[in-house]
Structure formats: C-alpha cells, structure tokens
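First up is the structure itself, then whatever we jot down about it.
The values are calculated or read from the model by the stated rules, or taken from the named source; none is laboratory data. Source: prediction; values computed, not measured. When we count neighbours, we look across all protein chains shown, and the Cβ atoms used for this are built from the backbone with ideal geometry, even at glycine.
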Amino acid sequence: MREGLAIWDIIILSIVVIYLFLPMVVLFEYAFAEIWYAYRLFPSRIGLKWFTWVLRHYDTRMAFIYSYTLAPLTMVATLALCIPAGYVLGTRRGKLSLITENLVNMNMALPVIVIGIGLLPFYVHLGLLNNYWALVPAHMIGAIPYTLRCVAAAFAQVPRDLEEIARVLGANRLQAIRKVYIPLTWRGILAGGIFAFSWSLNEFILTLLLGFPGVKTLPVAIYEYVGGYYLTPQPAAALSLLIVLPSIAIALFLEKYVQVSLGLGGG
Amino acid sequence: MEVKRLLVVILATILLSGIYVPLSLAQPITLTKKNVYSLSWDEILKLAKREGEVIWYGFGSTYERDFFTKLCEMFTKKYGIKATYVHGHWFDTVQRLISEKEAGKKVGGIDVVLAWSKPFEMAYEKGAVWDVNLAEIIPNAKGIPFVAKYFHDMYPTNGRHLPILAWWVGFLYRKDILKYPDDVPTSFDQLLDWVKKHPGKFTYCDPNKGGSGHTFLMGLAEWFYGYDKFAFTKFDEKYAGKLFSSPGKYGMNFWQYLNELEKYMYQPGNYPQGNKATIELFEAGEVWLEPMWVSITMQEVATGRLDPSWVGMYIPKPTMPGPFDGVFIPFNAPHKAAALVFINFLLSPEVQKLIPQEIGAYPAVTEAWKLVPEKVKKQPWWPINPPYNDLVKWRNFGPLWYRHADYMFFIMKKWIDEVARK
Amino acid sequence: MVFLPIVNVVLGSFGLSIFEILKGSSPKITLRGYLRFLNPSEPYLQSLFFTIYISLIATAISIVAGYFFAVYLVMKGWRISMIFTIPLFTPYVVGAFMWWTLLYPRGYISLIINGILKYLGLIRYPIPLVNDPYGIGILFGEVWIRFVTAVMMFYSPLQLISRDLTDAARVLGASTWQVIRRVYIPLTKYSLIATSAIILLATMAGVSIPLILGGSWPQFLNVMIYLDVTETFNYLSAYVSGVFYLITCAILGYIFFRFAMKRVVMQTR
C-alpha cells in the first residue's frame with residue numbers, strides 16, 4: 001500500500017506539520033532574539049543572551065534538578081498505584097469499575113486551581129508547604145486519571161483465557177501477572193508512565209501554591225516569566241527550549257532503540 | 001562555725017548575683033510591639049546583627065527580581081547580616097501568612113513582604129501583619145510623602161505598611177509621528193475628540209488583566225466625577241452604583257462615556273489582555289497612544305521589543321493617580337530587628353536613587369530623585385511634561401493623586417458588565 | 001487524597017471549612033455564593049455556557065480531525081513519529097503564549113489569514129483572531145494540543161484492525177468513505193467515545209490557554225475562578241464555581257459513559 005506521495009498527501013501533511021510546528025518556530029525566534037522590534041517580521045539581532053540570563057539564577061538551575069527528579073518519582077509512584085488498580089479495572093469491567101473510573105475522572109474535570117485551594121488548607125495544617133516529598137502526591141492527583149485509563153485499557157485487551165490457562169497450569173496470581181500480563185501490557189503501562197512523567201513535568205499551579213517558595217520546578221520558573229502581570233517571553237522561550245529539546249531527544253531515543261510505538265490500547 | 005557558713009553564703013550570693021545580673025542584662029531582648037518604640041536605633045541595629053539574617057519575599061518582573069536580589073547582596077555586604085531574596089507572588093505569600101496565622105504558627109519564615117494594597121489589606125484584616133507603626137520607627141521613612149506613609153491606595157495602613165517605590169502610568173505615544181503637545185490629548189477632556197480624529201489608534205488594557213487598565217480607569221473616574229468624590233472617602237457599594245450611573249461629563253455617565261470611547265478604539269470591543277499585550281500593540285505600530293506603565297515601557301526597550309525612537313511619555317491633565325508599593329513585616333517574622341534595619345536600608349538614598357535606572361519606577365523618598373543621574377532622567381519613558389519631569393516639584397506642589405482600592409475594584413468588576421458585555 | 005480537595009470545595013461552597021468544623025466552632029452555612037452564581041445578571045452562568053460551548057467545539061474539531069488523520073496514517077501504513085508529539089512536551093503556558101504571538105494582529109498566522117481574506121474581498125478590516133469574543137484564539141490553542149492527543153489515542157486501536165477486513169471491504173467494492181464508516185468506526189467506537197470524553201474534560205479544565213488567548217468577555221469559568229481567587233480573594237465564588245464544574249463534568253461524563261457501557265456490553269471480546 002506504499003504509494004509515492006501524491007499532491008494531496010503533500011497538502012495534508014504540510015498543513016498538519018505547519019500547524020503543529022509554527023509555535024515551535026516562534027519559540028526559537030524568541031529564544032534567540034536579542035533585538036526584535038515588534039513591527040518587524042524577524043529579529044534584527046540574535047544571540048545567546050537569554051540563555052545566559054536564564055541560567056544565571058541559582059533557583060532556576062535548581063529547578064532543572066527538581067523537575068527531572070520529581071517527574072520520575074511521580075511516574076513510579078503513580079504506576080505503583082495504577083498497575084494493581086488497572087489490573088482490577090481492566091479485567092473486571094463491572095459496574096463498580098465504571099463508577100470508580102468516573103470518580104477518578106472527576107478530578108481531571110476540576111480546574112487545577114480549585115483542587116489547589118482545596119488542598120492548600122490541608123497542606124498548611126500538616127505543615128507540608130515547601131516540602132519536596134509532599135509534592136509527589138500533588139503531582140499524582142493529575143496523573144492518576146490518565147495513567148489509570150491507559151493501564152486499564154492495556155489490561156482489558158488481554159484475552160481473559162490466558163490468565164485462566166496460566167492458573168490451570170499451576171501459576172499463582174502474582175506469577176500470572178508477571179508472566180502473562182506484563183509482557184502483553186508493558187507498552188500500555190509504559191505509555192501510562194510517560195503520561196505521568198510528562199504531566200509532572202508540566203504541572204505548575206499546584207507546585208506554585210504548595211511548593212512555594214523553596215521547591216521551584218521548571219514550569220514554575222517559566223511561569224515567572226510569562227504568567228501574571230509581567231511577561232518577558234524571551235527568557236521563557238529560552239528556558240522552554242531547554243526543556244523541550246531534551247524531551248524530544250528522549251522521545252526519539254525511545255522510538256529508535258526501544259521501539260515504542262504509542263500503544264495506548266482501546267482508548 | 002555558723003557565722004563562717006553564713007558569711008560564705010552571703011558572699012556566694014553577692015558573687016552569684018554579680019554574675020547573674022549582668023547576664024540577664026545581656027539576654028537578647030525579643031522585639032515586641034511594646035518595646036520597639038522605646039529602643040534606640042543603635043539597639044535595634046545591635047539586635048539585628050545578633051539575629052543575623054533577613055528574608056525578603058517579593059514579586060514582579062524579571063528585572064525587578066534581579067534588582068531586588070542585588071539589593072540583598074548590597075545589604076549583606078554593608079551590614080554583615082545575610083539577606084535572602086525570594087521571588088514569588090504576592091498572592092501565595094499572603095495566603096501562606098494567613099494560613100499560618102489561623103494555624104497559630106508563632107514563628108514563620110518570612111521577615112519582609114513586598115505587597116500592594118489588596119493583599120496587604122487581606123493580611124492586615126486577618127492579623128497576619130506585625131502591628132507596629134513602621135513609619136515612626138524607621139529613620140529613613142521621613143522622606144516619604146506623608147499620605148503615602150499612612151495610606152495605600154487610600155486604605156489606612158496606620159504605618160504598618162511602608163512604601164519603597166512608586167509605579168506610574170502615563171500616556172505612551174508615538175514620538176516620531178505625534179508631537180507633544182499639539183498632536184496628543186494633553187488633558188482627559190481632549191481624549192474623546194482625539195480618538196474621533198484618530199480612530200483605531202488608541203487602546204487600553206482590560207482592567208481585570210493589567211494594572212495599566214485599572215489605573216487608567218481610576219484616573220479617568222477621578223477626572224470624570226472629581227477627585228473629591230473619591231479622596232479618602234469610605235466606600236459604599238450603593239453609593240458607588242449611584243455615582244457611576246449619574247452624569248459626569250458630556251451629559252453621559254461613566255459607562256456611557258467608556259462605551260462611546262470604545263467605538264473609536266483599536267478593534268472596538270477587543271481589549272488587549274494584559275499590560276504586555278497592550279504594549280505589544282504599540283510596539284507593532286498598531287496603536288499610537290495608550291496608557292502604560294513607565295516601568296514596563298523601559299523593560300520593553302531593554303528586551304529589544306520596543307524601538308526607543310518611538311517612545312514618548314506624558315501625563316494628561318488633571319493627573320494620573322499611582323500606587324506606592326511597599327513592604328510590611330509579618331506577625332511571625334523570625335528576625336524582626338533585622339527586618340527593620342533592612343527596610344531602613346531600602347529607604348536609604350543609595351538604594352532609592354537606583355530605583356529609576358534599574359526598574360523604571362519612582363523612589364518613595366522624594367529627595368532621592370536629585371541623586372539620579374541626568375542621563376537616566378533623560379530616557380524617553382519618563383514623562384516630559386512639567387511638573388512630572390521633576391519629581392521633587394511634582395510631589396511637593398502636586399497634583400499627587402492616589403487610587404482608591406475599593407472604588408477601583410468596583411470599577412473593575414462593573415466594567416465587565418457595563419462595557420465588555422455590551 | 002483524590003477526594004479530599006473535592007470535599008473541601010463542596011463544603012467551601014457553602015461557606016464551611018473542614019478545620020473550623022473539626023475545631024468545633026459553629027459552622028455558618030450560607031447560600032450567598034449559589035444565589036450569586038445562578039443570578040442571570042451576574043456573569044457566571046454565561047461564562048459556564050461559554051466554557052461548555054467552546055470546549056465542545058474544540059473537542060469536536062480535535063476528534064474529527066484527529067480521527068481522520070489517524071485513519072489516513074493507518075491507511076498509508078505510516079507510523080507516528082515521536083516528533084509529532086512535540087506540542088505535548090511544550091509547557092502549556094509557553095504554548096499558549098506562542099499562539100498569542102502568532103495570532104495577534106502582527107503575528108504570522110494573523111497576517112496570513114487576514115491577508116488571504118482581504119485578497120478574496122471577504123473583509124475590509126482585519127478580524128481579531130485572539131482575545132476575541134468568539135473564542136477563536138482559544139480554539140486555535142486548544143485544538144493544537146488536543147489534536148495530537150486524539151491522533152495518539154486513535155492510532156493504536158485503528159492499527160490493530162486487521163488489514164484483511166479493509167482489503168475484503170475494498171474487494172467488495174467499498175469506497176474509502178464506506179470503509180471508514182463500516183469498518184473502522186464501528187470497531188473503534190469505545191475509543192472514540194472515551195477519547196472524546198477525556199478531551200472534553202481536559203479542555204474544560206485547562207486554564208492557561210483561555211487565560212492567555214481568551215478575551216475580556218466572555219471568559220472561561222476557570223479563568224473567572226482564577227481571577228476571583230487571586231485578585232479579590234473571593235473564595236466563596238471560586239468554590240461555588242468549582243461545584244458547578246463538578247456537576248457539569250459529572251453530567252457529561254455520565255452521558256458519555258452510559259454510551260460506553262452499552263458499547264462495551266455489546267462488543268464481543
């Protein structure tokens with residue numbers, strides 16, 4: 001079915017590619033523009049000023065460390081919770097599982113700031129503000145609905161008989177999970193884990209409210225440049241490139257060497 | 001035998017008390033709101049050095065953050081007391097203080113907080129502010145205009161909040177196309193005519209998304225109905241509703257005036273969302289006149305977005321009000337004496353004279369303007385029209401108007417219904 | 001952990017606080033917040049409708065475009081490269097701001113679109129594409145992210161459909177559109193419904209994009225919540241709005257999952 005590229009293909013692909021990548025082009029422009037008068041189409045002077053500007057601050061440098069350590073922690077903790085839960089929800093699609101899914105999805109529906117002001121009193125009273133470890137549950141709240149859905153869907157796609165066969169052949173539940181399910185569902189689990197990772201990397205409102213001021217992650221650092229009343233997009237763009245480019249590198253690496261296609265199961 | 005023992009006891013007691021008494025005198029006094037007024041500044045300074053540290057929470061743009069960090073370094077070098085700057089958001093800081101007050105946390109982690117009227121009011125009403133008249137205690141506060149010391153946006157602070165700088169909004173105009181005073185509305189009276197003559201060349205920021213918008217509307221209201229209607233009056237919602245629906249100028253009420261103005265604005269009905277969006281329209285050449293913060297104008301030139309040859313700034317008659325932003329000390333600050341010394345430092349001439357060149361704001365201490373280098377004063381984002389081009393004259397002879405926080409919020413809320421939704 | 005914030009929000013909407021109750025002080029229930037919200041002259045109701053309306057449109061566009069693009073890829077036998085997922089890696093705040101720079105009157109996309117429309121004689125003055133009352137800017141920004149999510153979520157189930165089925169259909173004379181309608185859609189119904197639900201909920205809840213790309217009026221409800229809380233410290237309205245969010249999303253979720261449950265039962269596994 002592999003034909004050459006017809007004119008239609010080029011048009012469709014171009015539209016999609018342009019639509020998706022044009023903001024990235026602007027991102028690059030802002031990151032490198034030392035002088036770019038707004039009435040001009042392109043910068044008149046480019047340089048690395050914004051990169052050095054951004055890396056000057058100690059807490060921005062720390063933000064890299066915080067972000068890239070909180071994200072894997074969140075991913076591991078979320079998966080630890082979601083794999084067993086996903087197993088239950090995925091293999092037994094009863095009423096209870098649908099209700100649980102609905103309740104979990106409700107959190108996704110709430111604007112994060114409402115969750116934030118809901119959580120704030122608890123964190124204050126328990127003295128958990130400005131606490132690195134206390135941010136992990138906060139990050140998990142947003143990650144769980146997506147990850148759970150991915151993992152449950154992955155488990156749901158495995159034919160039920162396989163587990164029974166394994167049981168008949170003498171495996172206990174744990175072995176069944178290890179030897180039957182995991183090899184078949186690891187892609188869905190990985191995808192769920194990637195969601196959790198990227199959610200944590202992107203999460204900023206809860207981190208702003210609860211981790212303030214000592215624990216600053218990269219999105220919070222970026223927000224300082226483009227959030228609220230004060231907008232200086234150039235350092236934000238530079239900082240964003242420092243996040244986006246490694247993420248892309250990781251993604252390409254995964255694709256080439258681990259052959260991860262985006263298997264997200266039945267939705 | 002007993003006499004000897006008695007003598008020993010008496011001698012011991014005298015000796016011990018000899019040691020004890022000086023020891024008790026040497027105990028560090030904890031600064032409370034009762035004893036702070038009676039201590040001399042030297043004693044406070046000594047206490048501060050013993051405390052050894054001060055933590056300042058601020059907010060603002062990236063330039064302000066850099067400036068405040070530099071100030072902390074200067075302070076540490078000068079006094080040997082370690083000053084740390086934490087850049088955050090006034091909302092979160094005040095949230096935290098209020099939560100700490102409700103939880104009964106007696107010792108916190110913040111010594112000095114930069115805040116404007118609304119968050120200060122929130123903190124003050126919940127008891128999260130150290131209840132001490134800073135204006136009386138801090139020596140360098142003398143140079144601040146009297147009203148600004150005791151009111152912030154007309155909210156009575158009783159000196160618990162001390163301003164350190166003043167942001168100002170002026171009319172930013174295209175100096176290369178329009179000449180002052182002939183081609184621009186030098187007074188609010190001329191604004192409507194000007195926009196009719198130059199349709200699509202004026203805009204202002206959505207007042208709920210940026211300070212330039214709500215400060216401009218406050219100034220407009222003070223002109224429209226007269227400053228006396230707002231100056232330090234107590235806010236009453238019903239009265240405000242009635243006032244703004246009554247005719248002011250041109251036989252229109254305030255909202256009718258704004259709707260009439262809207263017809264001739266840039267993309268009528270589409271208000272730029274935020275200070276940055278507003279100035280971006282100016283930078284792109286889409287509008288020629290808009291109310292804008294002096295500080296943001298300066299920072300846009302510094303980041304290379306705004307062509308400085310385009311930048312002209314003036315303040316229209318009768319005048320524009322402005323906020324004096326400043327600091328307060330939280331009720332549970334762990335280093336109160338150091339906080340006092342730090343605030344005094346912020347108000348010192350060496351710091352005050354840096355404010356205009358570093359962040360484009362006016363110093364709270366008026367006389368410091370004399371120490372600002374001429375080349376800084378000549379930069380295009382400072383208002384050119386007298387008396388605004390000379391801060392000392394302006395502050396001493398007026399007009400110096402303030403914003404009324406409650407009326408301003410009333411205008412902001414009502415604006416959505418009366419102007420945006422129409 | 002998941003329920004605590006929800007409980008706090010619901011209680012807060014009535015003016016109650018868990019801590020005050022635990023401490024034993026008498027709670028003062030108030031319906032002031034609800035009365036204000038439901039008052040037609042207040043902006044909240046219109047804001048809620050605007051939020052739902054724009055979110056539905058954004059979801060519809062993302063789902064339709066995403067589904068067809070995924071089908072296109074599957075038919076061609078191409079795989080999705082990870083590069084395609086770059087929009088997901090860009091922080092929302094930055095992505096939203098980049099769209100603003102593209103759509104404001106001097107932005108590239110605004111210049112192109114207004115240029116074309118003017119050339120075709122359809123307009124005389126450039127139309128505002130961002131911060132506008134129709135939510136056009138919000139749509140651009142939201143679809144940008146949701147489209148990618150949609151394609152990612154549709155691709156695998158589509159790809160799992162055996163080639164033999166489509167080949168058989170073609171042999172029997174089906175056109176491409178018929179193949180899509182009769183083979184692909186029925187076999188991926190669950191995925192379609194579930195993905196639509198997720199994307200709709202995510203669009204309704206996201207705040208960065210409407211905050212930066214939306215206009216003065218109407219506003220998204222969660223932008224109003226954000227402003228209520230950070231500008232006027234008006235928690236009561238924020239909690240009440242939060243409750244209405246919960247109710248709306250629960251209703252929408254229920255409708256969707258009602259469908260999903262039917263499909264699940266009917267699908268043979």
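Scanning segment C:206-222 for residues that are within 11 Å of chain A (Cβ to nearest Cβ), buried (at least 24 other Cβ atoms within 10 Å of the Cβ) and touching a helix residue (DSSP H, G or I) at 6+ places or on another chain (Cβ under 6 Å) yields C:Ser208, C:Pro210, C:Ile212, C:Phe220, C:Leu221. Determine if segment C:158-174 includes at least one residue that is among the aliphatic types (A, V, I, L, M), within 14 Å of chain B (Cβ to nearest Cβ) and closer than 23 Å to C:Thr195 by Cβ. No, that holds for no residue. For segment C:189-211, does any single residue satisfy the condition of being out of contact with any Cys (no Cβ under 8 Å at 6 or more places or on another chain), outside any helix (DSSP H, G or I), aliphatic (A, V, I, L, M) and closer than 30 Å to C:Leu35 by Cα? Yes, there is a match, as at least one residue in segment C:189-211 is out of contact with any Cys (no Cβ under 8 Å at 6 or more places or on another chain), outside any helix (DSSP H, G or I), aliphatic (A, V, I, L, M) and closer than 30 Å to C:Leu35 by Cα.
For every residue, the table says whether it meets (1) free of Cβ contacts under 8 Å to residues at least 40 places away in the same chain; (2) buried (at least 17 other Cβ atoms within 10 Å of the Cβ); (3) of a type in the set (Asp, Glu).
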residue	(1), (2), (3)
C:Leu103	no, yes, no
C:Arg106	yes, yes, no
C:Asn114	yes, yes, no
C:Ile127	yes, yes, no
C:Asn131	no, yes, no
C:Gly141	no, yes, no
C:Phe154	no, yes, no
C:Ser162	yes, no, no
C:Gly173	yes, no, no
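Restricting attention to segment A:40-68, the residues being surrounded by 15 or more Cβ atoms within 10 Å (Cβ to Cβ) and not basic (Lys, Arg) number 16.
On the given criteria, is B:Ala48 part of a helix (DSSP H, G or I), more than 30 Å from B:Arg403 (Cα to Cα), small (Gly, Ala, Ser) and more than 10 Å from chain A (Cβ to nearest Cβ)? So B:Ala48 fits the description; yes.
Kindly indicate whether C:Arg106 is among the charged types (D, E, K, R), at the interface with chain A (Cβ under 7 Å from one of its Cβ atoms) and closer than 19 Å to B:Pro268 by Cα.
Considered against the rule, which asks whether it is among the charged types (D, E, K, R), at the interface with chain A (Cβ under 7 Å from one of its Cβ atoms) and closer than 19 Å to B:Pro268 by Cα, C:Arg106 comes out as yes.
Of all the numbered requirements in (1) closer than 30 Å to C:Leu139 by Cα; (2) touching a residue at least 60 places away in the same chain (Cβ under 8 Å), A:Leu70 misses one, and that requirement is (1). Restricting the search to segment C:175-190, which residues are touching a residue at least 24 places away in the same chain (Cβ under 8 Å) and either among the β-branched types (Val, Ile, Thr) or under 19 Å from C:Ser55 (Cα atoms) (or both)? Within segment C:175-190, C:Thr176, C:Ile180, C:Thr188 qualify.
Take B:Trp167 and tell me if it is surrounded by fewer than 22 Cβ atoms within 10 Å (Cβ to Cβ), in contact with a strand residue (DSSP E or B) (Cβ under 9 Å, 6 or more places away or on another chain), over 30 Å from B:Tyr204 (Cβ atoms) and among the hydrophobic types (A, V, I, L, M, F, W, C).
no
How many of the residues in segment B:284-299 are more than 24 Å from the chain's Cα centre (by Cα) and either more than 9 Å from every other protein chain (Cβ to nearest Cβ) or crowded, with 24+ Cβ neighbours inside 10 Å (or both)?
Our first condition is that a residue be more than 24 Å from the chain's Cα centre (by Cα); within segment B:284-299, this holds for B:284-289.
After this cut, where a residue has to be either more than 9 Å from every other protein chain (Cβ to nearest Cβ) or crowded, with 24+ Cβ neighbours inside 10 Å (or both) as well, the list is B:287-289.
Final tally of qualifying residues: 3.
For beta carbons closer than 7 Å, sequence separation of 6+ or different chains, a first residue in segment B:252-268 that is closer than 13 Å to B:Leu192 by Cα and a second that is among the charged types (D, E, K, R), the qualifying pairs are B:Met252/B:Glu260; B:Tyr257/B:Lys249; B:Asn259/B:Lys422; B:Tyr264/B:Lys196.
Regarding B:Arg421, is this residue basic (Lys, Arg), within 14 Å of chain C (Cβ to nearest Cβ) and on the phi < 0 side of the Ramachandran plot?
In short, yes.
Report whether or not C:Ala96 is in contact (Cβ under 8 Å) with a residue 60 or more places away in the chain and crowded, with 22+ Cβ neighbours inside 10 Å. Answer is yes for this residue. Scanning segment A:134-145 turns up no residue that is part of a helix (DSSP H, G or I), exposed (fewer than 15 other Cβ atoms within 10 Å of the Cβ) and of a type in the set (A, V, I, L, M). Of all residues in segment C:220-236, those that are under 14 Å from A:Ile115 (Cβ atoms) have Cβ atoms under 7 Å from Cβ atoms of residues that are of a type in the set (Phe, Trp, Tyr), 6 or more apart or on another chain, in C:Val229/C:Tyr235. Considering (1) surrounded by fewer than 23 Cβ atoms within 10 Å (Cβ to Cβ); (2) at pLDDT 90 or above; (3) within 13 Å of chain A (Cβ to nearest Cβ), the lone condition that B:Phe91 does not fulfil carries the number (2).
Among residues of segment A:121-133 being part of a helix (DSSP H, G or I) and at the interface with another protein chain (Cβ under 7 Å from one of its Cβ atoms), the one that is farthest from B:Glu100 (Cα to Cα) is A:Phe122. Listed by first and then second residue, the pairs with beta-carbon distance under 7 Å, at least 6 apart or on different chains, first residue in segment B:173-193 and touching a residue at least 24 places away in the same chain (Cβ under 8 Å), second β-branched (Val, Ile, Thr) and part of a loop (DSSP other than H, G, I, E, B), are B:Tyr173/B:Val184; B:Leu178/B:Val184; B:Tyr180/B:Ile384. Checked against the criteria, A:Val215 counts as in a loop (DSSP other than H, G, I, E, B), within 14 Å of chain B (Cβ to nearest Cβ) and under 11 Å from A:Ala63 (Cβ atoms). The set of residues in segment B:247-278 being facing chain A (nearest Cβ under 9 Å) and either at pLDDT 95 or above or outside any loop (DSSP other than H, G, I, E, B) (or both) consists of B:Asn275, B:Lys276, B:Ala277.
Within the group A:Leu231, A:Leu190, A:Leu210, which residue is touching a residue at least 24 places away in the same chain (Cβ under 8 Å) and more than 17 Å from A:Val136 (Cα to Cα)?
A:Leu190
Scanning segment A:186-220 for residues that are out of contact with any Leu (no Cβ under 9 Å at 6 or more places or on another chain) and of a type in the set (Val, Ile, Thr) yields one hit, A:Ile205. All told, A:Ala154 falls short of being part of a loop (DSSP other than H, G, I, E, B), away from chain B (no Cβ under 14 Å) and touching a Lys or Arg at 6+ places or on another chain (Cβ under 9 Å). Within segment B:402-418, restricting attention to residues that are in contact with a helix residue (DSSP H, G or I) (Cβ under 6 Å, 6 or more places away or on another chain) and either surrounded by 22 or more Cβ atoms within 10 Å (Cβ to Cβ) or assigned to a loop (DSSP other than H, G, I, E, B) (or both), the residue that is nearest to the other protein chains (Cβ to nearest Cβ) is B:Met408. Evaluated against (1) over 22 Å from A:Tyr30 (Cβ atoms); (2) surrounded by fewer than 21 Cβ atoms within 10 Å (Cβ to Cβ), C:Gly135 falls short on exactly one condition, (2).
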